[in-house]
Amino acid sequence: MGSTSTNKSKKSTKIKSKPLDFISWFEIPAINFYQAVGFYNHIYEFEMEVFSNNEHTMAIFPSNGGIGGAIVSGPGSIPHENGTLIYLNGGKDLNKVLGRVEEVGGRIVMPKTLINEDAGYFAIFFDCEGNKIALHSKK
């Protein structure tokens with residue numbers, strides 16, 4: 001009698017070298033670039049540095065060598081409420097950042113909500129360009 005099993009070698013599905021983080025960069029699209037930059041400058045109380053080339057303009061989120069990102073305007077940079085949801089760092093208490101969202105044209109759609117004691121809290125808002133963004137904090 002024959003066997004239904006094969007003796008073929010199976011390929012390993014293990015990742016040999018795992019990345020430190022699965023996100024290395026993010027971009028938040030904007031049509032009204034300076035309004036969007038002003039929005040994030042206001043809610044985080046900082047000033048982003050702006051760079052331009054022939055097609056795109058970017059404002060870089062300040063970073064201490066960790067994951068970076070930017071507000072981007074140019075071809076293909078179209079805000080959308082159903083795009084990928086990114087979680088921005090809300091600091092020690094995301095309510096401080098979230099509390100400034102509506103002051104500059106954003107809209108809170110989910111207030112600070114407990115995930116669990118270990119994971120912390122999150123909130124979701126639409127920025128002034130219509131992008132759906134989340135915040136995360138441990139407290």
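From the list G2, G38, G68, the one residue that fits, being surrounded by 13 or more Cβ atoms within 10 Å (Cβ to Cβ) and modelled with pLDDT under 95, is G68. Comparison of E129, E45 shows that the only residue that is of a type in the set (D, E), buried (at least 17 other Cβ atoms within 10 Å of the Cβ) and either out of contact with any Leu (no Cβ under 9 Å at 6 or more places or on another chain) or modelled with pLDDT under 95 (or both) is E129. Exactly one residue out of F22, F51 is surrounded by 10 or more Cβ atoms within 10 Å (Cβ to Cβ) and over 14 Å from E129 (Cβ atoms): that is F51. Within the set F51, F26, F125, the sole residue that is of a type outside the set (D, E, K, R) and over 15 Å from the mean Cα position of the chain (by Cα) turns out to be F51.
The values are calculated or read from the model by the stated rules, or taken from the named source; none is laboratory data. The shown structure was predicted, so the numbers you read here are calculated from the model rather than taken from an experiment. Every residue, glycine as well, gets a Cβ built from its backbone with ideal geometry; the counts of neighbours run over all protein chains shown.
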